[in-house]
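Q: I am attaching a structure below and will ask some questions about it afterwards.
Each reported figure results from applying straightforward, stated rules to the coordinates on display, with no laboratory input. Just so we're clear, the structure is a prediction, and the values are computed from it rather than from any experiment. Here Cβ is always computed from backbone atoms with ideal geometry, including for glycine, and neighbour counts include all displayed protein chains.
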Amino acid sequence: MKYAFQDLVDLGTKIFLAAGLNEEKAESVSRLLVTADAMGHTTHGLAQVPFYVKGLKDGTMTIEGEPEVLQDRGPTVVWNGKRLPGIWLAEKAMTLAAERAKKYGTCTLTMREAHHIGCLAAFLPAVTEQGMIAILATSDPSGKAVAPFGGVEPVFTPNPYAMGIPTEGDPILVDISCSISTVSMAGRLNAEGRRFPGKWVQDAEGNATDDPSVMLSEPKGTLLPLGGQEYGHKGYGMALMVETLTQGLSGFGRADQPTGWQGSVFLQVLDPEAFAGADSLKRQTEFLAETCRNVKPADVSRPVRLPGGKASVGLRAAKAEGLELYETIMKGIEPVAEGFGISMPSPL
């Protein structure tokens, strides 16, 4: 069943309003969750609604207030997010960074103690539509699910890293994590009695497996870094980079031994006009994109795609024709909506 894009945004907004957020925060969080679903990131879209509402109820997500500015030098900014809704904070931060980049050529903002910021790719089009490059990364210094390469004890969260690159057509939207998969995906697969497509996790003894239940049983297993047990030094290196950018530059991280959700964020916007120019950038990125698309595929039924290609198409289709959600999402939202006396939207 498909639902109108705006109906889903309105549903989420009503739920978050009922949970205590103001209109601005509730709409921002809901819109970007629905955007994530439309882009295909279904574990980080509306599936997060019950988790966010629980956070608002138990106080792990702050309802009211603004981020605290710890430092502002113009092109560099540091915020304390005060556990406010991470999606709203990240959108607010990206807007500020884009404005500052037009003035200074580039702007970098780091943030400590935000709540979960959701799907990174959802924030990128707002910047690439302005012809600028966006870089975004996040980590949770209180969370541990990913083992460093060669180890069996968790140290990192999946530590996603994303980059939005403008071209003459749809932007290139890179959104990857430093682990092969995520905790959310492990939970979904386990609940559905399914397995990972490959040996993406390991049990507590270090045996690689495709069984997601090792992430939930005791002693818990760990997510493998990108590259798995053979080449996981690559994902391990990325995880160290992300934690340096997000926690090191924001001045708060694992060394402080935080508890509860403590989202750390790094974002940067670059205006190509401050470098060789927007036209020069797009000339290079479009040539590169077209070259990749025209490469002979290993399987003729699966032509070479660019990162974010399906996401852009999916977002346009969702807004024009409606959005079909992952089958378990509405089942998870319905009791939350009913608890607030909110009616579910009718499918198209």
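Q: What value in Å³ per residue do you get for the convex hull of the alpha-carbon atoms in the stretch 181-223?
A: It is 50 Å³ per residue.
Q: Follow-up question, since we're still on this one. At a 10 Å Cβ-Cβ cut-off, how would you order Met94, Met344, Met111, Met185, fewest neighbours first?
A: Ordered by Cβ neighbours within 10 Å, fewest first: Met344, Met185, Met94, Met111.
Q: Related question: Using only helices, what value at 222 nm comes out for the chain when you add -39,500 (n - 2.57) per DSSP H run of length 4 or more and divide by the total residues, to the nearest 500 deg cm²/dmol? Don't jump to the answer; show the numbers that get you there.
A: Numbers: 11 runs with 127 residues, N = 348.
Rounded to the nearest 500, it is -11000 deg cm²/dmol.
Q: Where a ≥ b ≥ c are the square roots of the eigenvalues of the C-alpha gyration tensor, would you call the stretch 302-348 rounded, which needs a/c under 1.5, or, failing that, prolate if a/b is larger than b/c, or oblate? Each step should come with its number before you reach the end.
A: Values: a/c = 3.66, a/b = 2.47, b/c = 1.48.
Cα axes put the stretch 302-348 in the prolate bin.
Q: A further question on this structure: Hey, can you grab everything whose amide H is under 5 Å from the amide H of Ser179? Only 5+ residues off in sequence or another chain; H modelled, so Pro and N-termini drop out.
A: Amide H to amide H, under 5 Å and 5 or more residues apart or across chains, Ser179 pairs with Leu226.
Q: A further question on this structure: How about Lys220: which lysines have a C-alpha closer than 20 Å to its C-alpha, ignoring those fewer than 8 places off in the same chain?
A: Lys144, Lys199
Q: Within 10 Å of each residue's Cβ, count the other Cβ atoms and sort Cys178, Cys119 from fewest upward.
A: With the fewest neighbours first, Cys178, Cys119 line up as Cys119, Cys178.
Q: How big is the charge dipole of the chain about its Cα centre, in debye rounded to the nearest 20, if each Lys and Arg gets +1 on its Cβ and each Asp and Glu gets -1 on its Cβ?
A: In debye, rounded to 20, the chain gives about 360.
Q: I would also like to ask the following. Could you give the size of the charge dipole of the stretch 181-223 about its Cα centre, using +1 on the Cβ of each K and R and -1 on the Cβ of each D and E, expressed in debye and rounded to the nearest 20?
A: My answer is approximately 180 debye.
Q: Beyond a 32 Å Cα-Cα separation, which of these cross-linked pairs lie in this structure: Lys2/Lys103; Lys102/Lys310; Lys54/Lys92; Lys82/Lys102; Lys57/Lys103; Lys25/Lys319?
A: Lys2/Lys103; Lys57/Lys103
Q: Could I ask something else about it? Using the per-residue mean of other Cβ atoms lying within 10 Å as a proxy for protection, in what order, highest first, do the peptides 227-234, 170-177 fall?
A: The densest-packed peptide leads the list: 170-177, 227-234.
Q: Sticking with this one: So for the chain, taking the charge dipole from beta-carbon charges (+1 Lys/Arg, -1 Asp/Glu), which of Leu17, Met39, Leu56 sits furthest toward the positive end?
A: Highest projection toward the positive end goes to Met39.
Q: I need the shape label for the stretch 31-139. Rule: rounded when a/c is under 1.5, else prolate if a/b > b/c, else oblate, with a, b, c from the alpha carbon gyration tensor.
A: oblate
Q: Can you tell which of Pro297, Pro160, Pro225 shows the greatest fluctuation in a Gaussian network model of the chain with Cα springs below 10 Å?
A: Pro297
Q: Here's something else I'd like to know. Order of Val304, Val242, Val77 from fewest to most other C-beta atoms within 10 Å? The partial results should precede the final answer.
A: Numbers: Val304 13, Val242 24, Val77 21.
Exposure proxy ranking, most exposed first: Val304, Val77, Val242.
Q: Does the stretch 259-316 come out rounded, prolate or oblate by the C-alpha gyration tensor, with a ≥ b ≥ c the root eigenvalues, rounded set by a/c under 1.5 and, if not, prolate when a/b is larger than b/c and oblate if not?
A: Oblate shape, in that a/c is at least 1.5 and b/c is the bigger or equal ratio.
Q: Any idea how far the Cα center of the stretch 294-348 sits from the one of the stretch 209-243, in Å?
A: Distance between centres, Cα-based: 27 Å.
Q: Here's something else I'd like to know. Have a look at the DSSP beta bridges in the chain and tell me what percent are antiparallel, nearest 5.
A: 85 percent
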